[in-house]
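The values are calculated or read from the model by the stated rules, or taken from the named source; none is laboratory data. These numbers were taken from a predicted model, which means no experiment stands behind them. Here the Cβ is made from the backbone with ideal geometry for all residues, glycine too, and neighbour counts use every protein chain on show. Note: areas computed on protein heavy atoms with side chains; ligands, DNA, RNA excluded. Shrake-Rupley method; radii C 1.70, N 1.55, O 1.52, S 1.80 Å.
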Amino acid sequence: MRRSTVPAAVLAAVSTVSLGVLTAAPAQAAEYHSALKIRGVQYDAPGSDSNSCTSGNTDEEYLTLKNYSKTATINLKGYVVKDAAGNRFTFTAGHSLQPGDYVRLRGGHGADSDAKNVVYRDNCNFLWNNDKDTIHLYKPSGPASDSHAYSRSAHDGDRDGYIGFHG
């Protein structure tokens, strides 16, 4: 007699369908499979916008990425951040985010530091629009990891220029 084994997930799906109940996973849960998510964005740097490399405030504009894994460390090397207009930044150095840790990707120039949770874009131009934008995060292998859209009127009630959705 030959035995066949059927994975428990298949049995559960078959028995659920046979009972006339079909449940679908939430669309957002199936959309991205990554523990690295966009935590928030400071899209409007305080003060008058100045992209001067010596006296500007592009370092006050930043994107916060967080590792939501409970166990895995994520190396940021090769991850790409891109906005709706196609402006992009690629993490070229290895920065390790421990479970629950975060990093702020800042404009301007400065010393990258894992201890201070900061990476600088080494570019003095502003990246995020002050009124609205969509930010995409891509894994080194190419697929999307997360996406985040904001607009000043829809999501920023206190008008501080900081959006934090992913808790």
* To do: Could you name every one of the strands (runs of 3 or more DSSP E) located completely within region 41-111 that has at least 2 residues being buried (at least 16 other Cβ atoms within 10 Å of the Cβ) and among the charged types (D, E, K, R)?
  => 80-83, 102-106
* Asked: Only one residue in GLY78, GLY107 is over 28 Å from ARG152 (Cβ atoms) and more than 13 Å from the chain's Cα centre (by Cα). Which one?
  -> GLY78
* Structure fact -> When region 119-145 is checked residue by residue, the ones that are in contact with a helix residue (DSSP H, G or I) (Cβ under 9 Å, 6 or more places away or on another chain) and either in a strand (DSSP E or B) or of a type in the set (D, E, K, R) (or both) are TYR120, ARG121, ASN123, ASP131, LYS132, ALA144
* Output yes when any residue across region 68-88 is among the acidic types (Asp, Glu), within 21 Å of TYR150 (Cα to Cα) and at pLDDT 85 or above, and no when none is. => yes
* Please state which one of ASP122, ASP114 is open to solvent by 60 Å² or more (accessible area, probe 1.4 Å), of a type outside the set (S, T, N, Q) and on the phi > 0 side of the Ramachandran plot. => ASP122
